[in-house]
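No value in this document is a laboratory result; all are computed from the given coordinates. The structure presented is a predicted model; accordingly, all values stated were derived computationally and were not measured. Cβ atoms come from the backbone with ideal geometry, glycine included; neighbour counts cover every protein chain shown.
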Amino acid sequence: MSAQRTTSLRGRPVVALCGGVGGAKLALGLQRLIGADLTVIVNTGDDFEHLGLHVSPDIDTVVYTLGGLSDLERGWGRAGESWNFIEALGALGGETWFRLGDRDLAMHVDRTRALRSGISLTEFTAATARRLGIAADILPMSDDRVETMVITAEGALPFQRYFVGLQCAPVVKRLEFSNAERAAASSQVLAALRNPDLAAIIICPSNPYLSVDPILALSDIRKALGVVTAPIVAVSPLIGGQAVKGPTTKIMAELGVAADSASIARHYPFIDGLIIDEADRTEAGKIDLPTLITSTFMRSLADRDRLAADCLDFAGSLAAVALRRTAT
Ligand code: FO1
């Protein structure tokens, strides 16, 4: 771990905005570096009611990853999973397109019970994270329902129907986040973003359209980001013009956006700096922002630690830039 590199931000809070698999990898690196100083604000636009249960896929991916329970190969769900429940359900003729593992099922059952008894998603997530010994604060972006709807050439699709059911095949025309105008960011999310001691905000290399935009669709969060004096740094999810996993570049093409780092920079007009991969080095000149070129591919734990340290170092170097942004 390269802990000695981030002395200027040591002991100060850092916020990460995060979706599922790719984002959670960086969140783990950040947690290993700064532990309880990290707050992860997680997309809940993917949440849905399935088989009578409240499923929060991105929260669970972050909880399992930071708790050391995740299946590294699959990216989602728990390691050492068994599938007796879903197979038995299939034998009864039930729905099996969205696979709930036996261990994972415990999370959905317990969360559904908690929500029905009046406990908020924020409270449930915090209690679960505490029980699993997770150092960072993991915060759902909101306790109100916000639903990502994928508007495709084949009609409007709820997120998981598009993502898992149809394997992202339909052509995307636009994304909608239902109820986002009315939904409130939780008080915990706003407190984290408004903390006067905040050292940095890191936008993880999650899908900008499917995973980060639902968070930015909440007006409280957009307003908080607009006035924050801490540096805001995004990590591009593209490496050599491709996403490591998932439909990011397919969606960019369908929306008529070039799959390059400059498009990612334009997508986040409020950031102070962008981190891009070495494979995209030649694109740095086209980005009208401070840019850090480093290896953003996270195969090993050491890769996660190194990128996390790069994020904090880079953010630290942009403190004056961020102050100038808020002064203008
Ligand atoms: N992804 C799949 O590709 N297939 C599944 O059957 C599936 C089940 C599933 C169950 C619980 C959970 O928390 C996540 C699950 N995911 C599955 C992942 C999830 O759909 C996506 O990775 C995220 O929503 C996108 O970040």
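Which semi-axes, in whole Å and largest first, does the equivalent ellipsoid of segment 119-184 have when worked out from the alpha carbon gyration tensor as the square roots of 5 times its eigenvalues?
30, 15, 8
In terms of its Cα atoms, segment 202-328 spans 36, 32, 28 Å along the principal axes, sorted from long to short.
Classify the chain as rounded, prolate or oblate from the Cα gyration tensor: take a ≥ b ≥ c as the square roots of its eigenvalues, call it rounded if a/c is under 1.5, otherwise prolate when a/b beats b/c and oblate if not. It comes out prolate by the Cα gyration axes.
Which of the three applies to segment 46-131, rounded, prolate or oblate, going by the alpha-carbon gyration tensor with a ≥ b ≥ c and a/c under 1.5 meaning rounded? The shape class here is oblate.
In terms of Cα atoms, the Rg and Dmax of segment 27-70 work out to 12.2, 38 Å. Hey, how much of the P(r) for segment 110-243 falls beyond 27 Å, as a percent of Cα pairs? Across segment 110-243, Cα pairs with separations above 27 Å total 30 percent. Each Lys and Arg Cβ is given +1 and each Asp and Glu Cβ -1; about its Cα centre, segment 162-249 then shows a dipole of about 140 debye.
Considering every Cα-Cα pair within segment 1-145, what fraction, in whole percent, is farther apart than 28 Å?
Tail of the P(r) past 28 Å holds 21 percent of the pairs.
Can you give the FRET efficiency to the nearest 0.05 for Ser82 and Ala320, using r as the Cβ-Cβ distance and R₀ = 45 Å? Once the sixth-power term is evaluated, E becomes 0.25. Close amide H partners of Val40, meaning residues 5 or more places away or on another chain with modelled amide H under 5 Å apart, are Ala16, Asp137, Ile138, Leu139.
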